[in-house]
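In what follows, a structure is listed as structure tokens, so that the remarks can point back to it.
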Amino acid sequence: MNKNIHIQGCLAGKILWVDLSKKRIWTEPSQEYNNLTLGGRGTNSLIMLRNIKIGTKWSDPENLLCFGVGSLVGTMAPGACRVDVSTINIFNRGKGSANVGGSWGAELKYAGYDNLIIVGKSKKPVYLYISDSLVELRDAQYLWGKDVFTTEFILRKTLGKEDIEIAAIGPAGENLVRGSAIIVDTAKAAAGSGVGCVMGDKKLKAIVVRGRGKIEIADPGRFMTIVEKTYQKCKQNPATRLMRQAPLNLYADSEWEGWYTNMVTRNGQDDYWESTKRQRLMNSQNGVPSMIKGVRACYLCPTGCLPFLEIERGKYQGDKGEGFWINTIMGHACRLDISEPEAVVESWILTNQLGLDGDYTASVISWAFELYEKGIISQKDTEGLVLNWGNSDSFLALIKKIAYREGIGDILADGISLAAKRLGKNTEYYSSQIKGQPSIEPFRIPKGWALAVSTSPVAGRHLRGATMGSIRYGPKPRPGNFNSTDYVGQAQGVVWQAKTKELEDNLGICSYVSTWSGANFLEVSDLLELINSGMGVNLCEEDLMEFYAVKGRNLEKVFNLLHTNLSRKDDLPPQRFMREKVKKGPYKGVKMDKNRYNKILEEFYTLWGWDTQTGLPTKTGLISSGLAEVVEPLIQRGKLIEK
């Protein structure tokens, strides 16, 4: 395998560092990091591993908030728009990561920077202004307390520029809600790991970017030939038409398979939602699909997937926004048993406006609803709110209370683990969380999905290998021959999908045009051709899948091993889903079998080259993936298998 490369194209060439404590701004070359990782998330992970000392907490000034633009972003590669945001994970002190699209990443590249690293803390609220070589910290006290929508409006009006790109936090981030997100272009959320909370702790309200530079390509003629070929694949792909109509329209069919495999209802009490509720929420006459006014796309996306919705009736009439996604159906509708379409759309708009992670919000609030149902908390605790399933008014009220840390919202803002300790009474059993982070994911029916979510190094999110079977997502061929409910074959499928996601996050390619769901027209062979022609290197598919992808996964695993006490037990699904069975529907009686899950977990560890029993990496495996520098620190902590 080719482990020593010198990238000659696609990079902006610099890493921008900003120290908020010392008000110091400087740059360093990005070449070395990108040669080692291919860029994006990989570079963020390596920077964190080398610069964050063991024992550092998420709220320490020494914690880093890293924005890593994918190495193909800023080129004509289809779907190249993604940015990785990495920091210490608020929920467990391990590796935190979120990912976001839009045009912000391309602007940062055009301004001359592949990565932006924030360190330190400001004493007063500031925003960062980047316009090519002009980089300034500016007063943001007049923006503090404003929601995301208002913040963007004021910045554009104040700066007099519509061609800027903005990443901002809302009141949730300012108030250090652990489930805070960083919002790009009012609707695209970098959510998970508490990245918005870290940004708020640093008193950084927003990052405004405008770039006018260009990205050089190693072999422009060859690169554009490959770009044209991939666009033709997109054009000929039947899934493209579905994406351009908004993927949520799939759920207008009340018998669509996702209703039966992916929906967790009433906080995990069941995995079946009644047909009448599905139809009420998603019918094309007056359900969510009827509110779609168009579909928008991120930078250089040839398909688009972001529906723009407007509520035209009821008490939320006139509210509008972009990006309603299937997670909102999973979380805000099914988990809360809310089938009122206007209320579900309103809840999604509100989470963006306040700067909240929608998955976190749905998970902690549905948990509170169940505690209320069981009599563990009462109206006295909720300040009069009635937390009955389907009560959309109480759901929306709790969203605001969490963002502003009011009443019981102050407890829920700290996440389920801390809230459960305060409440006691075995309340943690009713939670759905992985490695401390609240989750909305299904763990009973789709076995590979459960494996990917449970083993995700950044805790409880599905875009690290989740699969619905060997033929459900993405281009063919792919490993295995299995259905979503099988145990056999899942580990192989999940590891393959996780490796492709490593590559996509390093390159900045959206997984919905690449190997996962959505249009999924790009294959690993296409990524290889774009890399070789654009970067001027000579790699093969084995280099990508067995070296760079494995290295990326190991970087995050090593960070977790050095900074936390996470172990094999933290790679298991929540206990509830291994004890309680599905109560209704075609999968009635199904649960996650713990013994069979442990079998596929062992296979999963083996495929990554880790110890089967402990999940620890081996010395040989780390050295072969180019990580000899971490061997000694792991040996000192007793977290390496020396073989």
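The values are calculated or read from the model by the stated rules, or taken from the named source; none is laboratory data. Quick caveat: nothing in here was measured; it's all calculated off a predicted structure. Glycine gets a Cβ as well: all are built from the backbone with ideal geometry, and neighbour counts include every protein chain shown. The area values use the complete protein model at the heavy-atom level, side chains included, leaving out ligands, DNA and RNA. Shrake-Rupley method; radii C 1.70, N 1.55, O 1.52, S 1.80 Å.
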Looking for whichever is assigned by TED's automatic domain parsing to the domain that holds Ala413 and within 28 Å of the chain's Cα centre (by Cα) here; the options are Gly375, Gly355, Gly384. Which one fits? Gly355
Subset of segment 22-46 [over 27 Å from the mean Cα position of the chain (by Cα) and not in a strand (DSSP E or B)]: Lys22, Lys23
Considering each residue of segment 47-92, count those that are more than 12 Å from Val195 (Cβ to Cβ), part of a loop (DSSP other than H, G, I, E, B) and of a type outside the set (A, V, I, L, M), and give that number. 17
Scan segment 187-207 and tell me whether some residue there is open to solvent by 10 Å² or more (accessible area, probe 1.4 Å) and polar (S, T, N, Q). no
Out of Lys435, Lys425, I need the residue that is open to solvent by 10 Å² or more (accessible area, probe 1.4 Å), farther than 29 Å from Met243 by Cβ and under 20 Å from the mean Cα position of the chain (by Cα). Which one? Lys435
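Taking segment 317-337, which residues are more than 19 Å from the chain's Cα centre (by Cα), surrounded by 23 or more Cβ atoms within 10 Å (Cβ to Cβ) and assigned to a loop (DSSP other than H, G, I, E, B)? Write out each step before concluding.
At the first step, the residues of segment 317-337 found to be more than 19 Å from the chain's Cα centre (by Cα) are 317-321, 333-337.
With the extra rule that they be surrounded by 23 or more Cβ atoms within 10 Å (Cβ to Cβ), the set shrinks to 333-336.
The answer is Leu336, and nothing else.
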Residue pairs within 6 Å by beta carbon, gap of at least six or interchain, first lying in segment 308-324 and hydroxyl-bearing (Ser, Thr, Tyr), second surrounded by 14 or more Cβ atoms within 10 Å (Cβ to Cβ), listed first then second, are Tyr316/Glu342; Tyr316/Glu346
Hey, among Lys591, Lys557, Lys584, which residue is buried (at least 18 other Cβ atoms within 10 Å of the Cβ) and touching a strand residue (DSSP E or B) at 6+ places or on another chain (Cβ under 8 Å)? Lys557
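Return the residues of segment 621-638 that are open to solvent by 20 Å² or more (accessible area, probe 1.4 Å) and within 29 Å of Tyr487 (Cα to Cα); say none if nothing qualifies. Can you show your working first?
If we filter segment 621-638 for residues that are open to solvent by 20 Å² or more (accessible area, probe 1.4 Å), which is where we start, we get 621, 623-624, 626, 628-629, 632-633, 635-638.
Scanning segment 621-638 gives a single hit, Gly621.
Here is a yes/no grid of residues against (1) of a type in the set (Lys, Arg); (2) out of contact with any Lys or Arg (no Cβ under 6 Å at 6 or more places or on another chain):
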position	(1), (2)
Gln497	no, yes
Gly508	no, no
Leu522	no, yes
Ser525	no, yes
Leu528	no, yes
Gly534	no, yes
Leu544	no, yes
Lys557	yes, yes
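Listed here are the residues, each with its yes/no results for (1) closer than 16 Å to Ser525 by Cα; (2) open to solvent by 10 Å² or more (accessible area, probe 1.4 Å).
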{"site": "Val458", "(1), (2)": "no, no"}
{"site": "Arg464", "(1), (2)": "no, yes"}
{"site": "Ser484", "(1), (2)": "no, yes"}
{"site": "Tyr487", "(1), (2)": "no, yes"}
{"site": "Val495", "(1), (2)": "no, no"}
{"site": "Glu502", "(1), (2)": "yes, no"}
Among the listed residues Ile47, Ile90, identify the single one that is open to solvent by less than 10 Å² (accessible area, probe 1.4 Å) and in contact with a Lys or Arg (Cβ under 6 Å, 6 or more places away or on another chain). Ile90
Heads up, the helices (runs of 4 or more DSSP H) in segment 220-284 (entirely inside) with at least 2 residues that are closer than 30 Å to Phe369 by Cβ and of a type in the set (A, V, I, L, M) are 275-282
Examine segment 198-217 for a residue that is farther than 22 Å from Pro307 by Cβ, β-branched (Val, Ile, Thr) and out of contact with any strand residue (DSSP E or B) (no Cβ under 8 Å at 6 or more places or on another chain), and state whether such a residue exists. yes
Among the candidates Leu451, Leu398, single out the residue that is open to solvent by less than 30 Å² (accessible area, probe 1.4 Å), modelled with pLDDT of 95 or more, closer than 21 Å to Gly196 by Cα and in contact with a helix residue (DSSP H, G or I) (Cβ under 9 Å, 6 or more places away or on another chain). Leu398
Between residues in segment 533-552 that are at pLDDT below 95 and residues that are aromatic (Phe, Trp, Tyr), which pairs lie under 7 Å by C-beta distance while being six or more apart or on different chains? none
Of the residues that sit in segment 221-273 and are open to solvent by less than 30 Å² (accessible area, probe 1.4 Å) and without any contact (Cβ under 8 Å) to a residue 60 or more places away in the chain, which one is nearest to Gly287 (Cα to Cα)? Ser254
Which pairs do you get when a residue that is within 24 Å of Gly508 (Cβ to Cβ), found in segment 2-26, comes within reach of a residue that is of a type in the set (Lys, Arg) and open to solvent by less than 20 Å² (accessible area, probe 1.4 Å), reach meaning Cβ atoms under 7 angstrom, with the pair 6+ apart or on two chains? Ala12/Lys109
